[in-house]
Amino acid sequence: MRSLRLEASKLSGGNQQKLLLAKVMMADPLVIIIDEPTRGIDIGNKSQIYDFIDTMVRAGKACIVISSEMPELVGLADRVLVMRSGRIVAELRGEDISEGNVVYAATTGERGAVEEDENDCSDSDRRAC
């Protein structure tokens, strides 16, 4: 049996992230800003953190997620603000949130529709793949 007195610094990176999110939630905030929530952690812990973020949003909390991982943004966000050179260059919502549109806006500084390849199975949410 593991000790309840285990120091946070002795936990894995993923468990440290989950502990930090749990501590933040104890304060019952209305808005949570999470910077790179899954950087450097394993897939299992990523999934648990995504579930945790989803639970917070369903409970009426506003979550601002800052991430350089495109699949993370596409999978979690209702709205994506794309920045380039310190300025917001695009706001994407709903069906417009795709890796192609984010990359296009980030590299050109413009918001433009990028046609999605129907045979591209890199997006884990695609049912046909």
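Filtering the stretch 18-28 down to residues that are surrounded by 10 or more Cβ atoms within 10 Å (Cβ to Cβ) and out of contact with any strand residue (DSSP E or B) (no Cβ under 9 Å at 6 or more places or on another chain), which residue is nearest to Pro71 (Cα to Cα)? Only one residue fits best here, namely Lys18. Considering only the stretch 108-118, I want to know if a residue exists there that is within 17 Å of the chain's Cα centre (by Cα) and over 30 Å from Gly13 (Cβ atoms). Among the residues of the stretch 108-118, not one is within 17 Å of the chain's Cα centre (by Cα) and over 30 Å from Gly13 (Cβ atoms), which makes the answer no.
Criterion applied to Leu30, Leu19 was being touching a residue at least 12 places away in the same chain (Cβ under 8 Å) and more than 17 Å from the chain's Cα centre (by Cα), and the one residue passing it is Leu30.
Taking the stretch 80-97 as the range and being touching a strand residue (DSSP E or B) at 6+ places or on another chain (Cβ under 8 Å) and farther than 20 Å from Lys46 by Cα as the test, the residues that pass are Leu81, Val82, Met83, Ile88, Val89, Ala90, Glu91, Leu92, Arg93, Ile97.
Does Val65 meet the test of being outside the structural domain of Val82 (by TED's automatic domain parsing), free of Cβ contacts under 8 Å to residues at least 24 places away in the same chain and in contact with a strand residue (DSSP E or B) (Cβ under 7 Å, 6 or more places away or on another chain)? Criteria not met by Val65. Do we have Gly14 as small (Gly, Ala, Ser), under 18 Å from Glu69 (Cβ atoms) and not in a helix (DSSP H, G or I) here? For Gly14, the condition - small (Gly, Ala, Ser), under 18 Å from Glu69 (Cβ atoms) and not in a helix (DSSP H, G or I) - is not met. Arg111 fulfils the conditions (1) surrounded by 17 or more Cβ atoms within 10 Å (Cβ to Cβ); (2) in a loop (DSSP other than H, G, I, E, B) except for a single criterion, (1).
Let's see how each residue does on (1) closer than 22 Å to Ala27 by Cβ; (2) crowded, with 17+ Cβ neighbours inside 10 Å:
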position: Ser47; (1), (2): no, no
position: Asp51; (1), (2): yes, no
position: Met56; (1), (2): yes, yes
position: Gly60; (1), (2): yes, no
position: Pro71; (1), (2): no, no
position: Asp78; (1), (2): no, no
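For the criterion of being more than 25 Å from Ile88 (Cβ to Cβ) and among the β-branched types (Val, Ile, Thr), Val24 passes.
The values are calculated or read from the model by the stated rules, or taken from the named source; none is laboratory data. Note that this is a predicted model, so its numbers are computed, not measured. Here the Cβ is made from the backbone with ideal geometry for all residues, glycine too, and neighbour counts use every protein chain on show.
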